[in-house]
Amino acid sequence: MRNCSIQHYLKSSLLIFILALFFNSCQAPKLGYFQDVQSGQIQELQTPKLLTVQPGDRLSILVGSKDPGLAYLFNLQIVGRYSTSRSEANLTTSQVASYTVDENGEIDFPVLGKINLVGKTRREVADYVKHELISRSLLKDPVVTVDFLDMCFSVLGEVNSPGRFVMDHDKTTLIDAISRAGDLTIYGKRENVLVMREEDGKEMAYRIDLTNLRNLYASPVYYLKQGDVIFIEPNDKKARESTAMGNTFLQPSLWISLASLLTTISVLIFK
């Protein structure tokens, strides 16, 4: 009688174990973004952080004026081929001149000499150059156009198109970056995205949960900076696939077969 009770207990325990494994294997992983957002909910955005000049950046700074002959003096002559007459000073090629910001945050600007631009936005650089030209009585009506060249960020890991991407506007967000990389794969961890950023000579690491919009908007890396590296970690299943037997012991079929074997053995023992 006691053997029957033990046998019944073992069979019931194994049945519960098998059912638990079955239902666990049927559960779908959470792959969505912003799961904390409800319909009609308003999220507060932080003030956009515009790109600023950093050592090593390349800039295009072009100066225009009603007097092209004077404006010619303040543009790098390697920009392209001008007409032989300075009074016309017409640019005949679409090439763009560039200045490389040195380790001190300076560039050597025609006539003005060394000027420090580190930490300035595009508009601030343009306003600064314009002010210097006017205050030194070099040009009365300068028009200064500034563009950042070759500013990039990188996206690595579990995305569909990893790579290095050009920042084509000042306010590039983390969501923009993920979109440019073709979105995360089904194996990417959305709750633990890593962003690496160099700040004041130090490499800083930030962890972002893409399923939480409030967390994302509040993050200091929501707006990207040049040189940022975004890494999407693989989930546990993908990581285990790197080894030959990584996922074998987590397959429901294995445990179901094992449970069936144990049931058979228990029946033979307590028969």
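The values are calculated or read from the model by the stated rules, or taken from the named source; none is laboratory data. Bear in mind the structure is a predicted one, so any value in this text is a computation, not a measurement. No Cβ is skipped: glycine too gets one built from the backbone with ideal geometry, and neighbour counts run over all protein chains shown.
Within the range 91-104, is there a residue that is modelled with pLDDT of 95 or more, of a type in the set (G, A, S) and at negative phi?
no
Which condition number does G182 fail, the rest of (1) more than 30 Å from E106 (Cβ to Cβ); (2) touching a residue at least 60 places away in the same chain (Cβ under 8 Å) being met?
(2)
Scan the range 60-71 and report the pairs whose first residue is polar (S, T, N, Q) and whose second residue is assigned to a loop (DSSP other than H, G, I, E, B), with Cβ atoms within less than 9 Å and a gap of 6+ or a chain change.
S60/V96; S60/A97; S60/S98; S65/L139; S65/K140; S65/D141; S65/P142
Just to be sure I understand, how many residues within the range 209-234 are within 20 Å of M167 (Cα to Cα) and in a strand (DSSP E or B)? Please lay out each step first, then the result.
Let us first name the residues in the range 209-234 that are within 20 Å of M167 (Cα to Cα), namely 216-217, 219-232.
Checking which are in a strand (DSSP E or B) leaves us with 223, 229-232.
Qualifying residue count for the region: 5.
Exactly one of (1) part of a loop (DSSP other than H, G, I, E, B); (2) modelled with pLDDT of 95 or more; (3) not basic (K, R) is unmet by I107. Its number?
(1)
Given the conditions (1) among the hydroxyl-bearing types (S, T, Y); (2) at pLDDT 95 or above; (3) not in a strand (DSSP E or B), report the number of the one that Y206 does not fulfil.
Looking at each condition in turn, Y206 falls short on (3).
Taking the stated definitions as given, is G157 buried (at least 16 other Cβ atoms within 10 Å of the Cβ) and over 13 Å from the mean Cα position of the chain (by Cα)?
no
Going through the range 148-179 one residue at a time, which ones are over 21 Å from N215 (Cα atoms), in a strand (DSSP E or B) and either free of Cβ contacts under 8 Å to residues at least 60 places away in the same chain or among the small types (G, A, S) (or both)?
S154, G157, G163, R164, F165, V166
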